[in-house]
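Participant: Before anything else, here's the structure in question.
The values are calculated or read from the model by the stated rules, or taken from the named source; none is laboratory data. Since we're looking at a predicted model, the values are computed, not measured. Here the Cβ positions follow ideal geometry from the backbone for every residue, glycine too, while neighbour counts run over all protein chains shown. Ligands, DNA and RNA are stripped out before the accessible areas are found, and what is left, the full protein with its side chains, is counted by its heavy atoms. Shrake-Rupley method; radii C 1.70, N 1.55, O 1.52, S 1.80 Å.
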Amino acid sequence: MRWSEFRMVLFFALGCFAIPTIGEEPENMARIDGFVVEKMFDVPSAQGSWVSMTVDHKGRLIASDQYGGLYRVTLDDQAQESRVEALQVRSGRAHGLLYAFDSLYVMSHEGDGQQSGLYRLQDTNGDDQFDKVELLLPLKGSGEHGPHAIVLSPDGKSITICAGNHTQLPPTTASRVPQNWEEDQVVPRMWDANGHAAGILAPGGWICEMAPDGSTLELISMGFRNQYDIAFDPNGELFTFDADMEWDIGLPWYRPTRLCHAIPGSEFGWRSGTGKWPEYYPDSLPATVDIGPGSPTGVLFGTGAKFPAKYQQALFIADWSYGVIYAVHLSPQGASFVGEPENFVTGPGLAVTDMVINPQDGCLYFAIGGRRSQSALYRVSYRGEESTAPVSVPPLTEMQQHRRSLESLLTATPEQAATVVAQAIPNLSHVDRFVRYTARVALERMPVDSWREAILQPRDTQGILESSLTVARAGDDELARRTLERLLQMRWENLDVAQRLHWLRTVGLHWLRRGEVTQEKRDQITSYLLPKFPTGQTFIDMEIARLLCGMDVPGIVGPTLKLMRNSPSQEEQVHYNFVLRVCSHDWTPENRRQYFQWFVDAGRFRGGHSFARFLLNTRDDAIARLDENTKATLGDLLTQKPIEARPDEELTQRAIVKHWKVDDLLPISDQDFQNRDLKNGEKMFSVGLCWKCHRLEGAGGSVGPDLTPAGRRFGVRDLLEAIIVPSKEVSDQYRATVFELDDGRTVMGRVANLSGDTYMVQTDLYDPGRFTNIRVGDIVDLKPSEISMMPTGLLDTMSRDEVLDLLAYMRAVSEAAFDKR
């Protein structure tokens, strides 16, 4: 039977009707043992494609069509049917719904004669229909990056809302975020090569707290790209799942989808185009978990679910593109959290849009749909043997409570500045990044004169760095002169990697925000950094190059050009090429030729939809900075097209050493790892094309798992099996789907997107921006693939010693990352 024939094609006039509840577990859907997933019903096409849900005071579900109205669902297991009614109210097109305060809050998008904004619907006459519609908060923004979720705040007295980066922040009555945000680009930014979000500036996506009647609006967090949903844990800690810019895959500014702990006052560094901040920038906060490419949708905690304890405490996050609901298991780390994602439910084409826990039956309900695709409602229940009794909430740790106490300063008025300064200044030296961050933003909200003298009190390394960052962002030129002097007196060799990155960012912000740095100070900065460059530490070298190229100092071109040509990953090479374009000193004819030849050789690189055009735009910008004589000297090289080459060409050009099997390389003892050549191991990581798909300490590709913890988490045999026999164990998170089509073709790949009745399938991990489009009506069958998309033979050009160097390098990176924690 054709796949399309499973689709339920019905047409109903709007009104109230019953839909038979299927109550069967769908085929090809993976889930955790003990849990049962049932499709409740397919949504009739007349009701559109559901993208948001809430539970009302009677346990009924209310859902919204992305482009249409609101529907109310009454579930009746005994009658084996669900009663669905179209609400008789002019409202809908909602990415967010919340029933609270005897009202239905609707985050509506522009259409049907109504503007975008947050609406409050009420039943004033008791007939179980909403007859009063009030616009509480007009918003400028619509579409998939527009206004999104609404949730009840932990105090039960307010609501919290969020919106994506195409939604202007409306006028606020208060802000816990210092309102001094800027773009802060040391090297001039380039907008997205295809025009996406061009011209959109900070704050980007935002989260606000609002009174139920809309009378107050306070900014809580900012710097997101497109966070669709938000959720509070039982202790009142706020989390969100932010989107990547999939067109940026393969570029150094690509940031994967990520779970963020959105503490009050937080900034997460989204800036448009090339401007996205790396997560190590100290004026922003890092992700709790990097997930990878995807499209974040629903987010909720398992609180109230009749699930085993582990899943009551889990945070569930949905990925629309890859059809996955993750259960993220959080654990304290310092004043924040770390998380371990687990595939909870996944299936081909499972485009999850939203999730709710129904308190009446303790089940998790989720909808699929979006972009006019076929919608359906599913239920997840637990039928295993573990206890589902409610569990107590783990209390916050002492350090988390300390951070919370500092957060109370973020509502202080200028008249309370003395209290803020007394509590915040000592915490600029705190061991924890989230504590230091909170202390700093508390100071930045206060008048500079209230902390002018106190900001110079810290004498320890971390305190000097954090106080200097405060001055760079919120001080004045006189203070900046004094703090920059303190930075230049610091001994580089006494700084760890994070502190060196902090130093570089802070000096860059002094350069950007606190007026023109004198020539004397420019020379001091140059003489401080240039002799150390390159350091051999990836991100430090990238930031030194960014800073000194941005300042256009003499002497930076030669070593940066060498890094551009020889760095192991394409992301690093692109970064050095990008920052070099603004340099005007020390160019020789040969250096210029090498710089522009790189664009020709970059034909072997692959990336997302904007990748090739970004390189073209970078070249055009560099050409525009040349004088006419230089242009004439370089001639046709300036317009030569990239030489097309397979991304694996470097690997195929090496001679085969042996078609390795796991047992050929074993046994390997600890003694075999003594005195290995780690630099050569890093080279083998590149030779084996690992960088193309995998990240290591934040660098590299993102279409495969992050390998940073792999060297510590897995034994030698397990690592070798994962490389040599990748299909032996395939993670559901990265499992491909096999499509059998009615023309006899078979296509294997990962569903990366969905548009109407068309799947966009990623079939080549080396070329993640190229998709095969498959119409739903052409599918005869689809099923999970038992074959990994990871190629085999990646070690076959290496000697045994080179394989050992590779494994030793991966182990060393993992150990170093663990030690940082």
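Participant: Using DSSP H assignments, which helices in the chain have an axial alpha-carbon span of 27 Å or above and a mean Kyte-Doolittle hydropathy of -0.5 or higher?
Facilitator: Answer set is 800-820.
Participant: May I pose another question? What percentage of the solvent-accessible surface of the chain, computed with a 1.4 Å probe over protein heavy atoms, is contributed by carbon and sulfur atoms?
Facilitator: Carbon and sulfur: 49 percent of the exposed surface of the chain.
Participant: Sort Ile787, Ile291, Ile200 by accessible area with a 1.4 Å probe, largest first. Walk me through the numbers before you get to the answer.
Facilitator: Numbers: Ile787 100, Ile291 15, Ile200 40 Å².
In descending accessible area the options line up as Ile787, Ile200, Ile291.
Participant: Hey, another quick one. Label the stretch 347-441 by shape, choosing from rounded, prolate and oblate, from the square roots a ≥ b ≥ c of the eigenvalues of the Cα gyration tensor; if a/c is under 1.5 it is rounded, and otherwise prolate applies when a/b is larger than b/c, oblate when it is not. Kindly include the intermediate steps, with their values, before the conclusion.
Facilitator: Values: a/c = 3.39, a/b = 2.16, b/c = 1.57.
Because a/c hits 1.5 or more and a/b exceeds b/c, the stretch 347-441 counts as prolate.
Participant: Here is a follow-up. Please sort 703-712, 211-220 by packing, taking for each peptide the average over its residues of neighbouring beta carbons within 10 angstrom, highest first.
Facilitator: On the way: 703-712: 19.6, 211-220: 17.1.
Going by the mean number of other Cβ atoms within 10 Å, highest first, we get 703-712, 211-220.
Participant: Take the alpha-carbon positions of the stretch 150-224, form their convex hull, and give its projected area averaged over all directions (one quarter of the hull surface) in nm².
Facilitator: Reported value for the Cα convex hull: 5.9 nm².
Participant: Same structure, new question: Using a cut-off of 11 Å between beta-carbons, work out the net charge of the residues near Ala318 (Lys and Arg +1, Asp and Glu -1, Ala318 not included). Please report the intermediate quantities before stating the final value.
Facilitator: On the way: positive: none; negative: Asp229, Asp319, Asp354.
Result for the neighbourhood of Ala318: -3.
Participant: Taking a 1.4 Å probe, which of Asp757, Asp242 shows the most accessible area, and what order do the others take after it?
Facilitator: Greatest to least solvent exposure: Asp757, Asp242.
Participant: Turning to a different aspect of this structure: Top to bottom by accessible area (1.4 Å), largest first, where do Glu786, Glu340, Glu267 land?
Facilitator: Ranked list, largest accessible area first: Glu786, Glu340, Glu267.
Participant: Accessible surface of Tyr382 in the full protein assembly, 1.4 angstrom probe, to the nearest 10 Å²?
Facilitator: Rounded to the nearest 10, that gives 40 Å².
Participant: Find how much the distance from Ala816 to Asn675 grows on full extension, using 0.36 nm per residue of separation minus their present alpha carbon separation; answer in nm with one decimal.
Facilitator: That works out to 49.1 nm of additional length.
Participant: Report the gain in length on full extension from Asp627 to Lys562: 0.36 nm times residue separation, minus Cα-Cα distance, nm rounded to one decimal.
Facilitator: Net length gain for the segment: 21.1 nm.
Participant: Quick one: putting +1 on the C-beta of Lys and Arg, -1 on the C-beta of Asp and Glu, what dipole do you get for the stretch 359-423 around its Cα centre, in Debye to the nearest 20?
Facilitator: Taking the Cα centre of the stretch 359-423 as origin, the dipole is about 440 debye.
Participant: Translational D (Stokes-Einstein, µm²/s) of the stretch 455-559 at 10 °C and 1.306 mPa s when Rh comes from the Kirkwood sum over C-alpha pairs?
Facilitator: Stokes-Einstein gives a translational diffusion coefficient of 115 µm²/s.
Participant: Additional query: Place a +1 charge on the Cβ of each Lys and Arg in the stretch 227-289 and a -1 charge on the Cβ of each Asp and Glu, then give the dipole magnitude about the Cα centre in debye, rounded to the nearest 20. Mind dumping the intermediate values first?
Facilitator: Numbers: 4 positive and 10 negative charges, 36 e Å.
Dipole about the Cα centre, nearest 20: 180 debye.
Participant: Same structure again: Could you work out the local net charge near Asp213, counting Lys and Arg as +1, Asp and Glu as -1, over the other residues with Cβ closer than 10 Å to its Cβ?
Facilitator: For residues surrounding Asp213, the net value is 0.
Participant: For the stretch 240-290, compute the orientation-averaged projected area of the C-alpha convex hull (one quarter of its surface), in nm².
Facilitator: 3.4 nm²
Participant: While we're here: Taking a ≥ b ≥ c as the square roots of the Cα gyration tensor eigenvalues, with a/c under 1.5 meaning rounded and otherwise prolate when a/b beats b/c, else oblate, which class fits the stretch 295-350?
Facilitator: Verdict is oblate for the stretch 295-350.
Participant: Tell me the relative contact order for the stretch 540-614 as a rounded percent, counting alpha carbon contacts under 8 Å between residues six or more apart.
Facilitator: Relative contact order for the stretch 540-614 comes out at 31 percent.
Participant: Let a ≥ b ≥ c be the square roots of the eigenvalues of the Cα gyration tensor of the stretch 650-732; is it rounded (a/c under 1.5), or, if not, prolate (a/b larger than b/c) or oblate?
Facilitator: Judged from the Cα gyration tensor, the stretch 650-732 comes out rounded (a/c under 1.5).
Participant: Please work out the average accessible area per residue across the chain, using the 1.4 Å probe convention, and give it in Å².
Facilitator: Accessible area per residue: 40 Å².
Participant: Expressed as a whole percent, how much of the Cα-Cα distance distribution for the chain exceeds 49 Å?
Facilitator: Result for the distance tail: 20 percent.
Participant: Under a point-charge model restricted to the Cβ atoms of Lys and Arg (+1) and Asp and Glu (-1), what is the dipole moment magnitude of the chain relative to its Cα centre, in debye to the nearest 20?
Facilitator: Value, rounded to 20: 1480 debye.
Participant: Over the chain, what relative contact order in percent results from Cα pairs under 8 Å that are six or more residues apart?
Facilitator: Reported relative contact order: 10 percent.
Participant: Right, something else. Take peptides 154-166, 716-728, 585-597 and line them up by average Cβ neighbours within 10 Å, highest first, as a rough protection proxy.
Facilitator: 154-166, 716-728, 585-597
Participant: Could you work out the local net charge near Pro154, counting Lys and Arg as +1, Asp and Glu as -1, over the other residues with Cβ closer than 15 Å to its Cβ?
Facilitator: Here the charged neighbours net out to -3.
Participant: Right, something else. Each label point is 7 Å from the Cα along the Cα-to-Cβ direction; what then is the distance between the points at Thr74 and Asp523, in nm?
Facilitator: My value for the distance between the label points is 8.4 nm.
Participant: Quick check on packing: order 501-514, 624-637, 474-487, 408-421 by the mean number of other C-beta atoms within 10 Å, highest mean leading. Intermediate values should be presented prior to the final figure.
Facilitator: On the way: 501-514: 22.6, 624-637: 11.4, 474-487: 17.8, 408-421: 15.7.
In decreasing order of mean packing, 501-514, 624-637, 474-487, 408-421 become 501-514, 474-487, 408-421, 624-637.
Participant: Relative contact order (percent) for the stretch 451-581, with alpha-carbon contacts under 8 angstrom and 6 or more residues of separation?
Facilitator: That works out to 18 percent.
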